[in-house]
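The values are calculated or read from the model by the stated rules, or taken from the named source; none is laboratory data. Computed from a predicted structure; not experimentally measured. Virtual Cβ from ideal backbone geometry, glycine too; neighbours counted across all protein chains shown.
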Amino acid sequence: MELDPDRTAWWQRAIAAVALLSAVLATVLLIGTTDFLLVDGVAVALTLVTAVPLFASDRLTFHVASVICAVLLIVLALPLVFFGAHLYLPSAGLLLLARFTGRSRLPQRFWAAAVAVLLVLVVTPWSAAIWDSMLRPPNMYVVYLPDNGPQPSHDTVLYDGSGIGYGVTGVSESDDKLYVTFRRDLSGAELTRLEGRLHELMPYATRIERCQSQRHC
């Protein structure tokens, strides 16, 4: 099938769409795991940059936009690494791939399979990361301690959790909080007993609640 020389090949736009999907999933992960509005703003901005090539009306514009946006994502990855910009490097690579596959003489069935493989390679790891960071059931109790009040005993805060028992796997401290991780296979009854044990050991705690990770609390 002869392609219009002034028109972007369908597989180029499909690859660019996969790049945008990767950026959207990265943004979902960042927004769902941070409380900083600046990080959210950077994430949305980088996603919009990734989307630009899809609005190109002709092949030349698509090629130029793909290269510029990919380079921009790469250049911003290092200075904005603490804002999660490095998570958009896969999108940059996909945009460059979209740019340089337009004149391929490979059969369209090959590109259909290639796009499907790229889609799986993008969705699978991002889905796992989003599940692990946002959707996985909590396996931590956070104990809020009073300011300038009583503090847990040395035996309670042993890093391996042996001072508490009841399925606890680790204990760490940060400011006025105590993070207590536990085995994921604990039943509801066992969790209730563990929470009771925490109240017993630290009756002065202002609040005890379950949480997914330290950055969620």
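Residues in the stretch 37-79 that are aromatic (Phe, Trp, Tyr) and buried (at least 17 other Cβ atoms within 10 Å of the Cβ): 1 in all. Of the strands (runs of 3 or more DSSP E) lying entirely inside the stretch 129-192, none contains at least 3 residues that are more than 30 Å from the chain's Cα centre (by Cα), at pLDDT 80 or above and of a type in the set (Gly, Ala, Ser). Among residues of the stretch 184-196 that are assigned by TED's automatic domain parsing to the domain that holds residue 170 and among the hydrophobic types (A, V, I, L, M, F, W, C), none has a Cβ under 6 angstrom from a residue that is surrounded by fewer than 16 Cβ atoms within 10 Å (Cβ to Cβ) and in a helix (DSSP H, G or I) at a sequence gap of 6+ or on a separate chain.
Of all the listed residues (94, 87), the sole one being at pLDDT 95 or above, within 17 Å of residue 18 (Cβ to Cβ), surrounded by 18 or more Cβ atoms within 10 Å (Cβ to Cβ) and assigned by TED's automatic domain parsing to the domain that holds residue 20 is 94. The residue of the stretch 165-192 that is surrounded by the fewest Cβ atoms within 10 Å (Cβ to Cβ), among those that are among the acidic types (Asp, Glu) and more than 22 Å from residue 146 (Cβ to Cβ), is 185. Are any of the residues in the stretch 155-164 among the hydroxyl-bearing types (Ser, Thr, Tyr), surrounded by 11 or more Cβ atoms within 10 Å (Cβ to Cβ), out of contact with any Asp or Glu (no Cβ under 9 Å at 6 or more places or on another chain) and touching a residue at least 60 places away in the same chain (Cβ under 8 Å)? Within the stretch 155-164 (the criterion being among the hydroxyl-bearing types (Ser, Thr, Tyr), surrounded by 11 or more Cβ atoms within 10 Å (Cβ to Cβ), out of contact with any Asp or Glu (no Cβ under 9 Å at 6 or more places or on another chain) and touching a residue at least 60 places away in the same chain (Cβ under 8 Å)), the answer is no, since none of the residues qualifies.
Being under 22 Å from residue 120 (Cβ atoms) and among the polar types (S, T, N, Q) is a property that does not hold for residue 57. Does the stretch 82-101 contain any residue that is free of Cβ contacts under 8 Å to residues at least 12 places away in the same chain and assigned to a helix (DSSP H, G or I)? Yes, the conditions are met somewhere in the stretch 82-101.
One line per residue, one yes/no per condition, for (1) acidic (Asp, Glu); (2) closer than 22 Å to residue 129 by Cβ; (3) assigned by TED's automatic domain parsing to the domain that holds residue 85; (4) more than 20 Å from the chain's Cα centre (by Cα):
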| residue | (1), (2), (3), (4) |
| --- | --- |
| 36 | no, yes, yes, no |
| 40 | yes, yes, yes, no |
| 43 | no, yes, yes, no |
| 50 | no, yes, yes, no |
| 55 | no, no, yes, yes |
| 61 | no, no, yes, yes |
| 64 | no, no, yes, yes |
| 69 | no, no, yes, yes |
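The combined condition, being surrounded by 14 or more Cβ atoms within 10 Å (Cβ to Cβ), of a type in the set (Gly, Ala, Ser), modelled with pLDDT under 90 and at positive phi, is not fulfilled by residue 102. Is at least one residue of the stretch 193-216 more than 24 Å from residue 149 (Cβ to Cβ), assigned to a helix (DSSP H, G or I) and modelled with pLDDT of 85 or more? So far as the stretch 193-216 goes, yes, one or more of its residues are more than 24 Å from residue 149 (Cβ to Cβ), assigned to a helix (DSSP H, G or I) and modelled with pLDDT of 85 or more.
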